[in-house]
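The values are calculated or read from the model by the stated rules, or taken from the named source; none is laboratory data. For clarity, every value in this text was computed on a predicted model and none was experimentally measured. Cβ placement follows ideal geometry from the backbone for every residue including glycine, while neighbour counts extend to all protein chains displayed.
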Amino acid sequence: MGNNGGFENRFGMNTRLINWFGYASPATFYPLAGKMIPWFWALAALFGIAGLYVGFFVAPTDAQQGEGYRIIFIHVPASWMSMFIYLVMAFWAALGLGFNTRLSGMMATSLAPTGALMAFLSLWTGALWGKPMWGAWWVWDARLTSELILFFLYIGFIALQSAIDDPRRADKAGAVLALVGVVNIPIIYFSVKWWNTLHQGASVSLTRSPSMAQTMLWGMLLMALAFWMYAIAVSLTRVRAIILERERHAGWVEELEEVAT
Amino acid sequence: MILSKPRSVGVVHNCPMLEASNLECVRGEKSLFRGLSFRLEAGACLMVQGANGSGKTSLLRMLCGLAQPAQGEIRWDGEPIRKLAEEYRGELLYCGHAGAVKDDLTALENARISATLAGAPVDEAAARQALRQLGLKGREDLPARVLSAGQRRRVALTRLLLEKRRLWVLDEPLTALDKAAVATLCGVIDAHLAAGGMAVLTSHQDLPLAATHVAQLRLD
Amino acid sequence: MNWGSASEFFAMGGHALYVWGSYGACALLMVVEPILARKRRSQALTELKREIRANQDSQDETTP
Amino acid sequence: MGETSLFAALGAVIRRDLLLAMRRKSDVLTTLFFFIIVVSLFPLGIGPEMAMLRQIAPGVLWVAALLATMLSLNRLFAADHADGTLEQMALSAVPLGVLVTGKVIAHWLLSGLPLALLAPVLGLQFDLATGSLGVLVVSLLIGTPVLSLIGAVGAALTLGVRGGGVLVSLLVLPLYVPVLIFGAGAVEADLTGLGATAHLSLLAAFLALAAFFGPWATTVALRIALE
């Protein structure tokens, strides 16, 4: 590559970089998110209906667990999403800490309640599945126990952020906590698993039933997609609220259509 | 120590200098000041003035690197202070509202320990000498708990004598000091400036400095 | 098709409480959360408008 | 800054914190008595059956150690933050990470170490055998530094925050789970004759990991808190 070409290339890169940061500014992101939200709702509804149809009408009755197993179509997607959202949250947090972009911190803040909700749903449905299967509402199963700790981590993140008045400090402190949590989650998961096997705890797992058919997998996948789209839609809605709260005194907010009218 | 590099205009600075360009300070949602630029060279002193809440302390904390400016940059010797990190902190002495004096330690222990924590350990004789110079003779071995506010302030100010730093950032150094102590402190600052040091300070009282290189900066 | 009739569907082979308890809680929370998020935004908007109006009023007073 | 002066600074911080603790002994003693009282309450709540007590001893001692460490975390940075020393540390020519490491070591010497030395006496109340008492001490000696290291991150994050004391337990306790599992697990494995080596080596691995990441995360959190 010649010197000249290199220069041009670098120039092109630069403008593209600036565009990226342009999207990352709350002023451009706010209307963009507003336009995207209905689409994600539509996708969530679409996948949700398809997933429910597969879950209730296509997937056959389980030979061992009867109809009770149909809880997995929300239990497993909720568990997946609760872990996935924590990862995404930590990603935004790290981005915010590294590049000092305002929007990343707001994204992390807005994802946390949805993640906590998913963790809660996973626990709730796990308990409701456990009662008919194990005869107890709660068993110290490895998966449920680590889900409980993940729920605590979410609560800690939310509590820390709401205890700090300065939003910039709240973002940064939350980011450090999320990153420490991300390093810890696999360690916690494997410790709980080891602990569980040592104590001969519950060994029947919801997802390890032998008759797991292809159709069940499809149902879970569709429901997971629906939950994913739901999580995006609701966190975008919340991030718009957070943007308005924090950027109250920025000029662009006062020029917004919904503010001016 | 880094020698300064030749600038584009061809002038070579032999002494390091502190340069602030286009600083903006935001607290909460309010912008306290913006577009603030200045330059401080060896032997010069900057007096920062302004009403309560005008951002004096915030500016001083920015100059130390404790707070980040919302905009703009602070350079030491042409390099951003963020990048220099410990290298810059080795040139810097900050004295804030809180004096970092421990109640449970004696004046002497306080002086020696704070010097060690700053990365410049001193021996006992030097510490005693500094305490005497600031008028704490006979009180070196008393716990700071029993000292008066002014005496505690003097314990905090011994760091000026013990740590050999080029840039002093002093936030209200005169608080609680009596007339004699103010005169002593002015003498210490004058000597520091005369030896090629720099100082940035705030004060509500008059600070009768002899140094001719005192510049004023008003924040409003 | 798994179900002979609607009542069979709702009975869930004797596991109705557990299955519908799970799906019900899930549906409820997924309706409540977006409503709360929207409410938070509209609250921010009303506060903003109130603040802007207050600023305009005080400006009107100072510039007769 | 040379390597020797870094070690000198590290030693100076540890000596300073120990000196301050000696001048104010009640803080350290409170933590210890808390540990003793909590452990002694369990038999009262559960009943004096020795077989049962032996079984719950590892868990009880470890949970009590966890809570006692937790209590002392608030002291770690709060005083230095209030009187401006923390600012001076952040502006020192010595890297903040070194000073923080010194403070964490001092915290362990004042909380974890006495707990580990006291634990066998309390273990006797629960009729633990001599061998198991030894494993208990070793597990606490390896595990409590991890508690101090992780706790320091929480203490730094909640510095000067509303309700910091309760908040720090909310943040830190979930992160203590692996240490609790393997610490108590080591003693239990010894009780059941399985051998505690695997547990102890995993605890040591946690210690290495925490020693590597902990001070770094604490430093970042402190700089955020000071801003």
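Selection over region C:1-46 of residues that are within 9 Å of chain A (Cβ to nearest Cβ) and of a type in the set (Gly, Ala, Ser) gives a count of 10. When D:Val146 is tested against (1) closer than 25 Å to D:Val100 by Cα; (2) free of Cβ contacts under 8 Å to residues at least 60 places away in the same chain, exactly one condition is not met: (2). Being at pLDDT 85 or above and facing another protein chain (nearest Cβ under 10 Å) is the filter here; which residues of region A:130-153 pass it? Answer for region A:130-153, where residues must be at pLDDT 85 or above and facing another protein chain (nearest Cβ under 10 Å): A:Thr145, A:Ser146, A:Leu148, A:Ile149, A:Leu150, A:Phe151, A:Phe152, A:Leu153.
It is to be established whether one or more residues within region A:111-130 are under 24 Å from D:Leu222 (Cβ atoms) and either of a type outside the set (Phe, Trp, Tyr) or assigned to a helix (DSSP H, G or I) (or both). Looking for residues that are under 24 Å from D:Leu222 (Cβ atoms) and either of a type outside the set (Phe, Trp, Tyr) or assigned to a helix (DSSP H, G or I) (or both), one finds at least one in region A:111-130, hence yes. Looking only at residues in region A:105-129 that are hydroxyl-bearing (Ser, Thr, Tyr) and within 17 Å of A:Leu179 (Cα to Cα), the one that is nearest to the other protein chains (Cβ to nearest Cβ) is A:Ser110. Residues in region B:149-164 that are within 14 Å of B:Val122 (Cα to Cα) and either within 11 Å of the chain's Cα centre (by Cα) or not basic (Lys, Arg) (or both): B:Thr158, B:Arg159, B:Leu160, B:Leu161, B:Leu162, B:Glu163.
The set of residues from region A:94-121 being under 26 Å from A:Leu144 (Cα atoms) and surrounded by 22 or more Cβ atoms within 10 Å (Cβ to Cβ) comprises A:Ala108, A:Thr109, A:Ser110, A:Leu111, A:Ala112, A:Thr114, A:Gly115, A:Leu117, A:Met118, A:Ala119, A:Leu121. Once region B:100-111 is narrowed to residues that are farther than 12 Å from B:Ala156 by Cβ and touching a residue at least 40 places away in the same chain (Cβ under 8 Å), the residue that is nearest to the chain's Cα centre (by Cα) is B:Asp103.
Restricting the first member to region A:245-261 and to residues that are within 9 Å of another protein chain (Cβ to nearest Cβ), and the second to residues that are outside any helix (DSSP H, G or I) and loosely packed, with under 14 Cβ neighbours inside 10 Å, the beta-carbon pairs closer than 6 Å and six or more apart or on different chains are A:His249/B:Glu29. Within region A:81-103, the residues that satisfy the criterion of being in a helix (DSSP H, G or I) and more than 16 Å from the chain's Cα centre (by Cα) are A:Leu95, A:Gly96, A:Leu97, A:Gly98, A:Phe99, A:Arg102, A:Leu103.
The selection criterion, being surrounded by 17 or more Cβ atoms within 10 Å (Cβ to Cβ) and in contact (Cβ under 8 Å) with a residue 12 or more places away in the chain, holds for B:Ala181. The single residue among A:Thr215, A:Thr237 that is part of a helix (DSSP H, G or I), at pLDDT 90 or above and within 14 Å of chain C (Cβ to nearest Cβ) turns out to be A:Thr237.
Within the set C:Met12, C:Met30, the sole residue that is in contact with a Gly (Cβ under 8 Å, 6 or more places away or on another chain) and under 30 Å from A:Ala231 (Cβ atoms) turns out to be C:Met12. Of note, D:Leu76 satisfies the criterion of being within 30 Å of B:Arg61 (Cβ to Cβ), away from every other protein chain (no Cβ under 14 Å) and buried (at least 16 other Cβ atoms within 10 Å of the Cβ).
Taking region A:142-181 as the range and being in a helix (DSSP H, G or I), within 20 Å of B:Gln68 (Cβ to Cβ) and without any contact (Cβ under 8 Å) to a residue 12 or more places away in the chain as the test, only A:Arg169 passes. Residues in region D:17-39 that are touching a helix residue (DSSP H, G or I) at 6+ places or on another chain (Cβ under 7 Å) and within 20 Å of D:Pro120 (Cα to Cα): D:Val28, D:Thr31, D:Leu32, D:Phe34, D:Phe35, D:Ile36, D:Val38, D:Val39.
Pairs are defined by a Cβ separation below 6 Å, a sequence spacing of at least 6 or placement on different chains, a first member in region D:82-101 that is facing chain B (nearest Cβ under 7 Å), and a second member that is surrounded by fewer than 22 Cβ atoms within 10 Å (Cβ to Cβ) and part of a helix (DSSP H, G or I); the pairs so defined are D:Ala90/D:Leu226; D:Ala93/B:Glu86; D:Pro95/B:Glu86. List every residue pair whose Cβ atoms sit under 9 Å apart, with the two residues 6 or more apart in sequence or on different chains, where the first one lies in region D:161-184 and is more than 9 Å from chain A (Cβ to nearest Cβ) and touching a residue at least 40 places away in the same chain (Cβ under 8 Å) and the second, anywhere, is among the acidic types (Asp, Glu) and surrounded by fewer than 24 Cβ atoms within 10 Å (Cβ to Cβ). Matching pairs, first to second residue: none at all. Scanning region D:83-127 for residues that are within 24 Å of B:Val169 (Cα to Cα) and acidic (Asp, Glu) returns D:Asp83, D:Glu87. Are any residues in region A:59-75 within 8 Å of chain C (Cβ to nearest Cβ) and assigned to a helix (DSSP H, G or I), and if so, which ones? Within region A:59-75, A:Glu67, A:Gly68, A:Arg70, A:Ile71, A:Ile74, A:His75 meet the criteria.
Against the conditions (1) more than 12 Å from chain C (Cβ to nearest Cβ); (2) in contact with a Gly (Cβ under 9 Å, 6 or more places away or on another chain), A:Pro31 satisfies every one except (2). In the set (1) in contact (Cβ under 8 Å) with a residue 12 or more places away in the chain; (2) in a helix (DSSP H, G or I), the condition left unmet by A:Val139 is number (2).
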